[in-house]
Amino acid sequence: MTSNADLIARRNRTIGPYSPLFYAEPLQFVSAKGVWFTEANGDRYLDGYNNVPHVGHANDRVVRALSEQAATLNVHTRYLNERVVDYSERLLSTFRPGLDRVFYGNSGSEANELALRIARQLTGNTGVIVSDYSYHGTTITLAQMTTGLTTREPLGAHVRTLRIPDLDSDPRPEAEVLAETLASLDASIASLQEAGFGVSASLFDPLFSTEGMPRVPAGLVAGIVDRVRAAGGMVIADEVQSGFGRTGSHMWGHDYAGMDPDLVTMGKPMGNGHPMSAVVTSEDVLDRFGSRNEFFNTFAGNPVSAAVGEAVLLEMEAEGLMPRAQELGGQALARFRELASQHGDFVRAAKGTGLFLGLDFAVDGVPAPHLAKRVVEAMKARKVLISRIGRDESVLKVRPPLAFGAAELPILLDALEASLAEVRV
């Protein structure tokens, strides 16, 4: 077995030292199955974090679909093949009426880039509104609107940001918070118009995941949608973290949040680790864009990817993963709330829905990222993996594969209870 130190040294000499690693002492995994990792030394770790292996690591149905199709045919969409049409029909059946056309890509970054390109062309504007702590991809366009990660590119002149409020940390009346946030949005829209950019689109994750899953005022999401549309812009919902049944109650985060999008982007969980993404939109939008652009992507929509994507949806249905997420997520959230109350001197609130949960750490109203980090490391010591989110990295991020089951939930909750008690000491 290669030691971690040797592997890190080789890693730094090849892909460089700037690609981040989790944990004070990184883990070297050699295999995974379901919701369990196996480390190089043989130890097993419960995956309470990763949404990429949505239906479970090395899922049998997905692996079989990939292998069988790869052994049969893999071509691009300039040739007719029924597989991509079958998958498209199945995928689009999960959306509300009116969202009935799909473009394919290979990553969430590609999907968001395409959605922004479509919005620019169809509106004639270039201005974009994002949250002031968010991340949507790695392209130049997206780097210019990244506010939740360090990038060398400055915020684009055509970009305006919106602070997403959190009622768990803002003691003011909800109506006052809502009015202030929407007034800020109005000012951003006016600024884009005065600068000559106009508004092409808003781009938000419906759960505001990177922002720390804030508890937003009722009416905020609808208010954003109404104002962006009134300004001539299009609404893009980034479902990379919020979608595919993650909330338990809804297949898509935009339906959960009450967002009415023109364009829906998705990636990671779509292929359970296989690189694929999509932009879902309306017939009208596809026709207006497609009739003026010969859009083609060599690997997007290939039969292997279509087979994998369809297998993910079939596995979700066969195993009842969305209702399971609702049931287990409800149980977990109740326990999270109990723990928040028990440790109220440093845990401000429990957060989340379905199998996307968190605890917000603060002492005397001041975010406490050092405590959140200690809990993450304490959980790792108990062989349960989670992470942190939020502008202060003070919110625990518990977002396991949807294959997470009733047998694993007590393991995670007991480890969390013990880790919180350890931090308290």
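Residues being open to solvent by 50 Å² or more (accessible area, probe 1.4 Å), part of a helix (DSSP H, G or I) and of a type in the set (A, V, I, L, M): count how many of those fall in the stretch 26-77.
3
Hey, could you check the stretch 293-310 for residues that are farther than 15 Å from V279 by Cβ and more than 23 Å from the chain's Cα centre (by Cα) and say which is most open to solvent (accessible area, probe 1.4 Å)? Even if it seems obvious, please write down each step before you answer.
The initial filter retains those residues of the stretch 293-310 that are farther than 15 Å from V279 by Cβ, namely 294, 298-299, 302-304, 306-308, 310.
If we keep only those that are more than 23 Å from the chain's Cα centre (by Cα) as well, we get 294, 298, 302-304.
Details: E294: 161, T298: 68, N302: 12, P303: 4, V304: 11 Å².
The selected residue is E294.
Of all the residues that make up the stretch 154-201, how many are surrounded by 15 or more Cβ atoms within 10 Å (Cβ to Cβ) and part of a loop (DSSP other than H, G, I, E, B)?
15
Which one is nearest to P97 (Cα to Cα) among residues in the stretch 234-268 that are open to solvent by 10 Å² or more (accessible area, probe 1.4 Å) and of a type in the set (S, T, N, Q)?
S249
Pairs needed: first member in the stretch 153-182, within 19 Å of G365 (Cβ to Cβ); second member anywhere, buried (at least 16 other Cβ atoms within 10 Å of the Cβ) and among the aliphatic types (A, V, I, L, M); C-beta distance under 6 Å; at least 6 residues apart or different chains.
P165/V177; D168/A349; D170/V177
Quick one: how many residues across the stretch 1-24 are surrounded by 12 or more Cβ atoms within 10 Å (Cβ to Cβ) and within 17 Å of D43 (Cβ to Cβ)?
So the count comes out to 4.
Consider E211 against the criteria (1) surrounded by fewer than 22 Cβ atoms within 10 Å (Cβ to Cβ); (2) in contact (Cβ under 8 Å) with a residue 60 or more places away in the chain; (3) in a loop (DSSP other than H, G, I, E, B): it satisfies all of them except one. Which criterion is unmet?
E211 satisfies all of (1) surrounded by fewer than 22 Cβ atoms within 10 Å (Cβ to Cβ); (2) in contact (Cβ under 8 Å) with a residue 60 or more places away in the chain; (3) in a loop (DSSP other than H, G, I, E, B) except (1).
Would you point out which residue out of D238, D255 is more than 25 Å from R348 (Cβ to Cβ), touching a strand residue (DSSP E or B) at 6+ places or on another chain (Cβ under 9 Å) and of a type in the set (D, E)?
Criteria check complete, one pass: D238.
Among the residues in the stretch 348-370, are any in contact (Cβ under 8 Å) with a residue 24 or more places away in the chain and farther than 22 Å from F208 by Cα?
No: zero hits.
So which strands (runs of 3 or more DSSP E) are wholly in the stretch 337-425 and hold at least 3 residues that are farther than 30 Å from L313 by Cβ and of a type outside the set (F, W, Y)?
Ranges flagged: 347-353, 356-363.
Taking the stretch 381-393 only, how many residues are touching a helix residue (DSSP H, G or I) at 6+ places or on another chain (Cβ under 6 Å), surrounded by 24 or more Cβ atoms within 10 Å (Cβ to Cβ) and over 17 Å from L413 (Cβ atoms)?
Going through the stretch 381-393 one residue at a time, the tally reaches 0.
So for the stretch 120-130 (the condition being outside any helix (DSSP H, G or I) and either loosely packed, with under 15 Cβ neighbours inside 10 Å or without any contact (Cβ under 8 Å) to a residue 12 or more places away in the chain (or both)), does at least one residue qualify?
Within the stretch 120-130, one or more residues are outside any helix (DSSP H, G or I) and either loosely packed, with under 15 Cβ neighbours inside 10 Å or without any contact (Cβ under 8 Å) to a residue 12 or more places away in the chain (or both).
Go through (1) under 23 Å from S387 (Cα atoms); (2) charged (D, E, K, R); (3) surrounded by 19 or more Cβ atoms within 10 Å (Cβ to Cβ) one by one and return the number of the condition E113 breaks.
All conditions are met except number (1).
Residue by residue through the stretch 224-242, note down the ones that are part of a loop (DSSP other than H, G, I, E, B) and not small (G, A, S).
Scanning the stretch 224-242 gives E239, V240, Q241.
I'd like the residue in the stretch 311-351 that is more than 20 Å from G248 (Cα to Cα) and of a type in the set (G, A, S) and, out of all such residues, is most open to solvent (accessible area, probe 1.4 Å).
Result: S341.
The values are calculated or read from the model by the stated rules, or taken from the named source; none is laboratory data. Only a predicted model underlies this, so the values are computations on that prediction, with no experimental measurement involved. Cβ sites come from the backbone with ideal geometry, for glycine too, and all protein chains shown count toward neighbours. Protein only, heavy atoms only, side chains kept; ligands, DNA and RNA dropped before computing areas. Shrake-Rupley method; radii C 1.70, N 1.55, O 1.52, S 1.80 Å.
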